[in-house]
Amino acid sequence: MGQGSLAVVMTGVDGDEAVTDRISNLVVRNSSPGGYESVEFDMQRRLAEKRIPDGTVVRVFDATTGEQVGGGRVIEPGPAEDGIWRVSCLGEGFAALQDQDEPYMVVDASLQPTVQPSVIGVREKTIGGKQYKMGKNGGRASVPKQKVITGIVSATAKVAGPPDGTETEGLLFEIPQGTSTSASAVIAAQIRTPYLCGQRLGAFIYRYVCGITSSSYTLRADALTFGGGSDTVATHTFTQSSPAGVWKVHGTDFDSTRDWFQLRVVTGAATTTLANVWAHARTIVLRTQLFAADGSVRSGASVASLTAGVHDVFTDLVVRRCPSLKVGTVTTGARAFTQLAWYDGATAKDILDELCEADGTVTYHAWEADAAGRTAINLDPVTTAVRYEVNSKDGYNAPTSSGDVYDRVVVTAPDPAGFTRRQVVSRNTNGRPRSKTINLDAWPTEGLTAVGNQFLDKYAAPPNGGVVVVGERVRDLITGRWVHPAAIKSGNLIRVLGVQPNPDSLNPDAKRDGVTIFRIASNTYTADSGTATLELDQPVLNQDRALAALLSS
Amino acid sequence: MSWKFVDSISASPTTLLDLHDGAPFYVAEWAAPPPAVRGSSGVSSDGSIEPSTSFEDRTLQVLLDMQSVDADAVAVAFQALAKMLLAPRWLRYLPPTATKPVFFRTRACTPAEIEEFRLIAVRNKQVRIDLPAEPFGYGLAVTDEVVVNNDPTNATNGMRFTIADVKGDVPAPLRLDLSVTSGWLAIPKAFMIQAGTYGQLHNAAAAWVPPPAAPTDVTTVNDSSAIGGTKSVLAAGSSPAYGNVDLTFADVTPGDYRVLLRFTSPAGARRACLMQRVGSYELNPTGLQPITYQSGQFSWVDLGVVRLPFSTRRATEWDAPAASSATIRAVFERSTTDALTIDHAVLVPVPGGDRSVGRFLQASTPTDAELSAVVDGRSEQVWSHISDGRDMLWSLSGGGFPQVVPGVPNQIVLAYAPAVYNPRTMPTTVAWSYNPRYLYLRGD
């Protein structure tokens with residue numbers, strides 16, 4: 001039989017159809033990150049037959065073992081006059097992660113409040129009293145004393161430092177001295193970002209300090225639902241000490257349907273303000289509710305943290321945005337992110353690519369679907385053990401470029417106090433360093449040296465944008481089996497034998513040494529030639545470019 | 001000797017047009033050279049890579065003589081011939097003095113050359129046709145029936161049967177009609193069929209390894225429904241959290257195998273995986289995966305494909321590694337409420353890494369199938385004829401349809417996993433058939 005002992009099954013509305021004998025030019029591709037990327041083939045099909053229905057899924061199997069080696073959903077069935085349909089399928093992981101492009105946030109520590117000026121009171125002046133008037137007859141007159149309003153005082157909260165001179169940025173609520181305030185006047189600031197993203201408030205924390213200690217004025221924190229109810233979560237009387245922040249979580253401290261946070265200062269009884277009536281709220285951090293792998297909403301306590309990792313975002317995005325995927329195994333990421341918000345909209349793939357790149361220890365793949373038709377997507381660790389061994393006899397080319405090799409890096413970031421700090425990490429030994437600068441927007445929790453080392457680990461050896469061709473089964477060192485070339489999974493390390501080694505190829509550490517051990521970026525198997533072409537250490541196309549590449553080939 | 005267009009492959013088909021009966025056709029010349037093989041060129045290595053054997057179409061070269069006094073009769077006959085040629089047809093060819101015919105599936109074409117001779121008083125037309133046809137000629141179906149049971153240790157058709165003396169020149173797709181008698185309620189809802197020329201079933205009794213901290217958690221119980229007569233029960237508990245089964249298979253020919261283990265437990269989610277032991281170091285490539293099983297009844301649980309013995313070298317055209325014993329460990333997650341019971345493990349060969357021919361198919365159906373199912377390798381469909389009259393399709397969970405290879409004994413393994421009703425004695429009647437496929441016009 002043809003197709004190199006692969007079998008192809010198309011599953012549509014009417015059930016499964018084995019199409020192996022009716023197709024030609026089969027190409028199966030998987031890549032990392034992502035998993036199964038595409039399946040393409042030409043199919044003999046009369047023009048009069050009905051269109052391939054939406055939602056049709058294609059699976060490719062190794063016919064001798066029954067295991068799946070490729071698959072995807074049909075995105076492009078192109079009927080042609082000669083009766084040969086060109087069918088292109090995009091892997092479920094790739095497709096599902098790019099289906100929705102919407103705003104998203106997990107943890108927001110940047111201040112973007114909505115503030116409106118409110119009238120807080122009035123300025124008054126007392127006039128009247130004895131007055132002297134010089135008239136023809138002489139004499140005196142007096143006007144009764146009274147208070148008149150000389151002006152209206154409005155106040156807004158604003159993003160500023162506190163008036164006591166410290167440089168901490170936060171939300172300042174201030175009432176000028178001498179203002180006559182009515183009872184229960186309010187200055188409010190709202191942060192509506194969870195509502196903007198269509199998500200719900202999970203937890204929040206803040207600290208505050210005030211200019212005076214007085215029970216006449218209170219600072220209150222509320223959680224509200226847009227167009228609905230609200231909960232007053234905390235009420236603090238003004239105090240000059242700066243109490244520690246306390247996490248308030250959904251379910252326990254406020255209702256789980258809230259999507260918007262508000263801080264307000266409320267006056268007590270009507271009075272005229274003295275000096276230093278201000279409150280400054282700082283380190284305001286909002287967390288949204290996140291889903292757990294089983295689809296339930298995680299408890300408030302579990303999201304009450306200043307940072308989130310890739311694994312938290314991964315599980316939530318898959319549950320929230322990808323109904324055709326389910327969460328598989330999740331590896332905990334290494335990096336703790338303090339700001340994760342995309343208010344202009346982002347696809348799940350954009351978000352995960354960005355976070356996996358920043359984290360550096362995890363990546364994601366989606367392979368087979370289960371019996372119910374849902375594909376498990378895993379957050380896998382970036383492996384350090386060599387999995388496959390091939391030799392180069394079927395073809396190997398490896399143009400090297402020293403353009404991306406650096407042995408010195410300068411890392412800058414603002415420290416918590418706001419001043420920019422700099423750290424240099426250098427591994428240069430020959431006196432001619434090549435360096436790059438990394439400017440971070442926020443202080444990394446692991447420190448600047450660790451960020452520098454992470455960068456140099458990746459760029460110290462030339463990345464190999466090469467290609468190796470595999471024509472027969474290869475050894476899988478982890479399962480001890482000989483696998484079909486189409487079954488080689490991207491994302492793993494491969495050792496290519498028969499390549500001239502450099503001195504440091506004797507390094508026992510199986511990291512990317514750029515010489516004989518490579519990471520497989522993608523695997524394209526062509527059934528006509530029976531060979532798999534492995535791209536090594538190269539970045540992967542996103543969906544638009546993948547589609548363009550599929551359609552133009 | 002005869003050439004006829006017929007309506008089907010059978011011993012007595014209906015003739016649509018006879019090409020050699022003198023009314024008015026005679027076959028003057030005939031050639032049916034075997035089709036060409038497609039290969040592919042290698043890349044930087046010497047020689048070519050043979051990923052798959054695929055054949056070009058065959059071209060049947062026919063020269064027909066049409067002779068008759070009546071010119072109209074010749075014209076009418078020629079029209080009939082043209083109609084036959086315009087659609088795919090079965091052409092039945094009986095070689096001279098042979099008793100068994102061979103059938104070609106022809107494709108649409110038109111005559112290449114038509115020559116007219118005007119002889120005195122007779123019309124003579126010669127028609128040369130280069131008739132394209134499918135690469136292989138088909139022989140009459142070879143069929144037989146065998147009863148397979150569910151006990152792999154049974155020497156007679158235990159979970160497998162053999163088809164020997166396969167006719168033809170190239171592998172032929174196999175059709176299997178499976179049926180169970182009404183006493184067994186229904187054909188189980190999922191099965192695997194492995195057809196191959198390499199490898200045997202290997203059996204091992206399965207027993208839990210008693211945990212050192214609580215050896216009494218494992219008991220051996222007599223049970224007539226268990227293969228081997230006894231089953232091993234691991235009591236409910238959580239300390240230790242996993243139960244281990246060490247399976248030792250004797251005389252395993254190195255290759256890839258699918259490990260099936262007979263297991264039962266009251267209903268609930270269960271997870272298991274296989275671990276290879278190399279010295280004391282255990283490799284667990286997949287992690288615990290959910291397993292599908294039939295609660296309350298023994299059924300085969302599919303634990304996945306491994307190479308046994310672990311990491312052995314491949315067989316090549318030069319030599320093959322020797323058989324030896326192989327050990328593998330299965331790990332199950334324990335339940336705090338339910339006991340886990342096992343009795344037997346079997347290895348089903350899935351020739352992947354070694355130079356061999358085989359196919360492994362998994363099919364399942366979400367509804368209760370009736371008492372029969374058909375696995376048709378020619379149309380690549382699996383279906384059951386159900387009570388409301390439909391031939392309802394099964395889902396294809398993976399793999400390729402079975403085929404038989406001529407010249408060597410073929411072993412077909414039938415495993416139900418997981419199942420509705422999967423007792424070891426359940427007999428399945430398998431009526432198999434295949435049409436031999438010929439490159440050359442009869443070997444036999």
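The values are calculated or read from the model by the stated rules, or taken from the named source; none is laboratory data. Quick caveat, the model's predicted, so the values are computed rather than measured. Glycine also receives a Cβ, built like all others from the backbone with ideal geometry; neighbour counts cover every protein chain displayed. Protein only, heavy atoms only, side chains kept; ligands, DNA and RNA dropped before computing areas. Shrake-Rupley method; radii C 1.70, N 1.55, O 1.52, S 1.80 Å.
What number, rounded to the nearest 500 deg cm²/dmol, is the helix-based mean residue ellipticity at 222 nm of the protein assembly as shown, given -39500 (n - 2.57) per DSSP H run of at least four residues and division by all its residues?
About -2000 deg cm²/dmol.
Using only Cα atoms, tell me the angle between helix A:448-459 and the longest principal axis of chain A; keep it within 0 to 90° and round to the nearest 10.
For A:448-459 against chain A, the angle is about 20 degrees.
Cα axis of helix A:310-321 to longest principal axis of chain A: angle in degrees, 0 to 90, nearest 10?
90
With every protein chain kept in the model, how would you rank A:T315, B:T425 by accessible area, 1.4 Å probe, largest at the top?
Sorted descending by solvent-accessible area, the residues read B:T425, A:T315.
Rounded to the nearest 100 Å², what is the buried accessible area between B and A, both sides summed, probe 1.4 Å?
3000
Counting partner chain Cβ atoms within 10 Å of every residue's Cβ in A:469-477, what's the average?
For this peptide, the per-residue mean of nearby foreign Cβ atoms is 4.
In whole angstrom, how far apart do the alpha carbon centroids of the stretch A:224-287 and the stretch B:301-344 sit?
Result: 62 Å between the Cα centres.
Just to verify a number: what accessible area does A:K145 come out at with the full protein assembly present, 1.4 Å probe, Å² rounded to tens?
Looks like 150 Å² after rounding.
Could you list the residues of the stretch A:266-282 with an amide nitrogen less than 12 Å from a label point located 7 Å from the Cα of A:S242 in the Cα-to-C-beta direction?
Correct set: A:280-282.
Please give the contour-minus-distance gain from A:V405 to A:N25: 0.36 nm per residue of separation, less the Cα-Cα distance, rounded to one decimal in nm.
Gain on extension, A:V405 to A:N25, equals 132.9 nm.
Just the number: Rg to Rh for the stretch A:37-194, Cα atoms, Kirkwood Rh, two decimals.
Taking Rh as the inverse mean 1/r over Cα pairs, Rg/Rh reads 1.57.
With unit charges on the beta carbon (Lys/Arg positive, Asp/Glu negative), name the residue among B:V357, A:A385, A:T193 whose Cα is farthest towards the positive pole of the charge dipole of the protein assembly as shown.
Towards the positive end, the residue furthest out is A:T193.
Could you give the accessible area per residue of chain A, probe 1.4 Å, as a whole number in Å²?
For chain A, the per-residue accessible area is 45 Å².
Could you calculate the FRET efficiency of A:R207 with A:Q100 from 1/(1 + (r/R0)^6), where r is the beta carbon distance between them and R0 is 51 Å, rounded to 0.05?
Efficiency at R0 = 51 Å is approximately 0.90.
Would you mind computing the Rg to Rh ratio of the stretch A:290-344 from its alpha-carbon coordinates, Kirkwood style for Rh?
Over the Cα atoms of the stretch A:290-344, Rg/Rh equals 0.95.
If eta is 1.306 mPa s and T is 10 °C, what Stokes-Einstein diffusion coefficient results for the stretch B:287-444, Kirkwood Rh from Cα pairs, in µm²/s?
Answer from the Stokes-Einstein relation: 83 µm²/s.
Ignore the peptide's own chain and count Cβ atoms of other chains within 10 Å of each Cβ in A:66-76; give me the average, rounded.
Neighbouring Cβ atoms belonging to other protein chains average 3 per residue here.
Run the simple label-point estimate for A:L111 and B:V69 please: 7 Å along Cα→C-beta, distance reported in nm.
If labels sit at A:L111 and B:V69, their model points lie 11.7 nm apart.
With a 1.4 Å probe and every protein chain kept in, tell me what percent of the accessible surface of chain B is carbon plus sulfur.
Carbon with sulfur: 51 percent of the solvent-accessible area.
Which shape class, rounded, prolate or oblate, goes with the stretch B:294-339 when its Cα gyration tensor gives a ≥ b ≥ c as root eigenvalues, a/c under 1.5 marks rounded, and past that a/b bigger than b/c marks prolate?
It comes out prolate by the Cα gyration axes.
Might you work out the accessible area of A:F291 for me, using a 1.4 Å probe with all protein chains in place, and round it to the nearest 10 Å²?
Number for this one is 50 Å².
Over the whole of A:443-450, what's the average partner chain Cβ count within 10 Å per residue? Rounded to a whole number, please.
0
Just by accessible area at a 1.4 angstrom probe, what is the order of B:K231, A:K147, B:K100, A:K125 from largest to smallest?
Result of the area sort, largest leading: A:K147, A:K125, B:K100, B:K231.
In debye to the nearest 20, how big a dipole does the stretch A:28-122 give about its Cα centre with +1 on each Lys and Arg Cβ and -1 on each Asp and Glu Cβ?
200
What is the Å³ per residue value for the convex hull set by the Cα atoms of chain A?
234
Given that compact globular proteins tend to follow 2.2 N^0.38 Å, what is the ratio of the alpha-carbon Rg of the stretch A:141-239 to that value?
It is 1.42.
Can you find, among B:P171, A:A160, A:T332, the residue farthest towards the positive end of the dipole of the protein assembly as shown? Put +1 on the C-beta of Lys and Arg, -1 on that of Asp and Glu.
Value computed over the given set: A:A160.
When the dipole is taken about the Cα centre of the protein assembly as shown, and only Lys, Arg (+1) and Asp, Glu (-1) are charged at their Cβ, what size is it in debye, to the nearest 20?
Computed charge dipole of the protein assembly as shown: roughly 4040 debye.
Only bridges with both residues in chain A count here: give the DSSP antiparallel percent, nearest 5.
So the antiparallel bridges in chain A amount to around 90 percent.
Please give the FRET efficiency for B:T316 paired with B:T248, using the beta carbon to beta carbon distance and R0 = 22 Å, rounded to the nearest 0.05.
0.20
Grab the Cα-Cα distance for A:A450 and A:E124, subtract it from 0.36 nm times how many residues apart they are, and report the gain in nm with one decimal.
111.4 nm
Determine how large the accessible area of A:D370 is when every protein chain is in place; take a 1.4 Å probe and give Å² rounded to the nearest 10.
That residue has around 60 Å² of solvent-accessible surface.
Would you mind computing, in nm to one decimal, how far apart the modelled labels at A:E389 and B:A108 are, each placed 7 Å from Cα along Cα→Cβ?
5.5
Over chain A, what is the mean sequence separation of C-alpha contacts under 8 Å (at least six apart), divided by residue count, expressed as relative contact order in percent?
14
For chain B, find the longest principal axis of its Cα atoms and tell me its angle to the long axis of helix B:71-85, 0 to 90°, nearest 10.
20
The protein assembly as shown: D in µm²/s via Stokes-Einstein (Kirkwood Rh, Cα pairs, 20 °C, 1.002 mPa s)?
62
Taking only the alpha-carbon atoms of the stretch B:98-253, what semi-axes of the equivalent ellipsoid follow from 5 times the gyration tensor eigenvalues under a square root, in whole Å, largest first?
Computed over the stretch B:98-253, the values are 63, 17, 15 Å.
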